[in-house]
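Here the structure comes first, spelled out in structure tokens, and everything after it is commentary.
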Amino acid sequence: MPRRDAPTVALPPDPVIEVYKKDIDRTLLRETLKLTPGQRLAKLQEFMKAVSNLRGAARRPV
Amino acid sequence: MNDYTDFSQFVHVLHDAGVQFIIVGGVAGTIHGAARATYDLDVVYARDPVNLERLTLALQPLEPYLRGAPKGLPFRWDIDTLARGLNFTLTTTAGAIDLLGEITGGGWYEDLLPDTIEVEAFGVTCRCVTLPKLIALKRAAGDLAISTRSPSSKCSSTNSRAGDLSPHAPCRRFNRVVVRDDGAVGRVERDHHGDGGHLVALPDPLRREDDARGDCGFGGDDRCR
């Protein structure tokens, strides 16, 4: 399957983004950016399923 | 009904029905690389009659209903409802979806179209808003605050400190980062007394020499510089 990746984006320096940047774990972003957009969505979907399962677990008595 | 939103099902349903739509919001952020969760799919849809009909038929099997509304309301998912309304926040058997006829900062489908890219998602090709436009939309929605206000303006009449916010400012958006007319960057903090807020100055981040550049830090491309 051909890789359909998002194009390279050049953003001008932005003070708001720079302030937010220091509070963001950019290692996670770098790992995510290694994936294709489709793989990122699949990962999000899996994450949402996992969250749903965890919610169910919290409601179940031990 | 899923406890979570099935993004794959939504994308396939809309794509297979030939609906003209643009992915925006958190899922668009994920497509661009953001490492954060989102609980619904936000799409901007074209408002022409053909697309309204396609969208109605596509979602019909998913039993759309107004999200957060009490059960039993006489809500009918048909083309008349879609034509009379504009933006819908819906719950369905596939999860939550927001249908936006118009989006703040982006306008209508046709307005947004030049600021989109084609991406392959769940095996089909669909349109997604570009990263710069996504940031602009987030700004317009107030999710990424930026303001233009005079340095001497205030948030409340009882607060007279220099650097306070204007009466028109989003004072209750505490902890947001804002930029004033004079270029000063600060974070909105709640006053100890009352509902007002004030701006706590932050060092100019663009002047930091030790900050390793490499990505934009907002779910963006690693090559942002």
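The values are calculated or read from the model by the stated rules, or taken from the named source; none is laboratory data. Bear in mind that the values here come from a model prediction, so they are computed numbers and not experimental data. So basically every Cβ, Gly included, is an ideal-geometry build from the backbone, and we count neighbours across all protein chains shown.
Taken over the stretch A:9-49, the criterion of being closer than 17 Å to B:V27 by Cβ, more than 7 Å from every other protein chain (Cβ to nearest Cβ) and assigned to a helix (DSSP H, G or I) is satisfied by A:Q39, A:A42, A:K43, A:E46. Residue-level check: of (1) in a strand (DSSP E or B); (2) of a type outside the set (A, V, I, L, M); (3) within 30 Å of A:L29 (Cβ to Cβ); (4) free of Cβ contacts under 8 Å to residues at least 40 places away in the same chain, B:T91 misses just (3).
When residues in the stretch B:95-131 are screened for being part of a strand (DSSP E or B) and of a type outside the set (S, T, N, Q), 20 of them pass.
Of all residues in the stretch B:89-102, those satisfying the criterion of being under 14 Å from B:N51 (Cβ atoms) and crowded, with 19+ Cβ neighbours inside 10 Å are B:L99, B:L100.
Only one of B:G72, B:G68, B:G18, B:G33 is touching a residue at least 60 places away in the same chain (Cβ under 8 Å) and on the phi > 0 side of the Ramachandran plot. Can you tell me which?
Details: B:G72 fails: touching a residue at least 60 places away in the same chain (Cβ under 8 Å); B:G68 fails: touching a residue at least 60 places away in the same chain (Cβ under 8 Å); B:G18 fails: touching a residue at least 60 places away in the same chain (Cβ under 8 Å).
Among B:G72, B:G68, B:G18, B:G33, only B:G33 is touching a residue at least 60 places away in the same chain (Cβ under 8 Å) and on the phi > 0 side of the Ramachandran plot.
Exactly one residue out of B:I31, B:I23 is under 20 Å from B:V124 (Cα atoms) and in a strand (DSSP E or B), and it is B:I23. Can you name the residue in the stretch B:1-28 that is of a type in the set (G, A, S) and more than 19 Å from A:V51 (Cα to Cα) and is also nearest to the other protein chains (Cβ to nearest Cβ) among such residues? The selected residue is B:A28.
So that you can scan it fast, the table gives a plain yes or no per residue for (1) of a type outside the set (K, R); (2) more than 13 Å from every other protein chain (Cβ to nearest Cβ):
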residue: B:I97; (1), (2): yes, yes
residue: B:W108; (1), (2): yes, yes
residue: B:D111; (1), (2): yes, yes
residue: B:P114; (1), (2): yes, yes
residue: B:V124; (1), (2): yes, no
residue: B:R127; (1), (2): no, no
residue: B:T130; (1), (2): yes, no
residue: B:L137; (1), (2): yes, yes
residue: B:G142; (1), (2): yes, no
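Inspection of the stretch B:53-60 finds no residue satisfying the criterion of being at negative phi, within 14 Å of chain A (Cβ to nearest Cβ) and among the hydroxyl-bearing types (S, T, Y). Note on the stretch B:17-61: residues that are at pLDDT 95 or above, surrounded by fewer than 20 Cβ atoms within 10 Å (Cβ to Cβ) and among the basic types (K, R) amount to 1.
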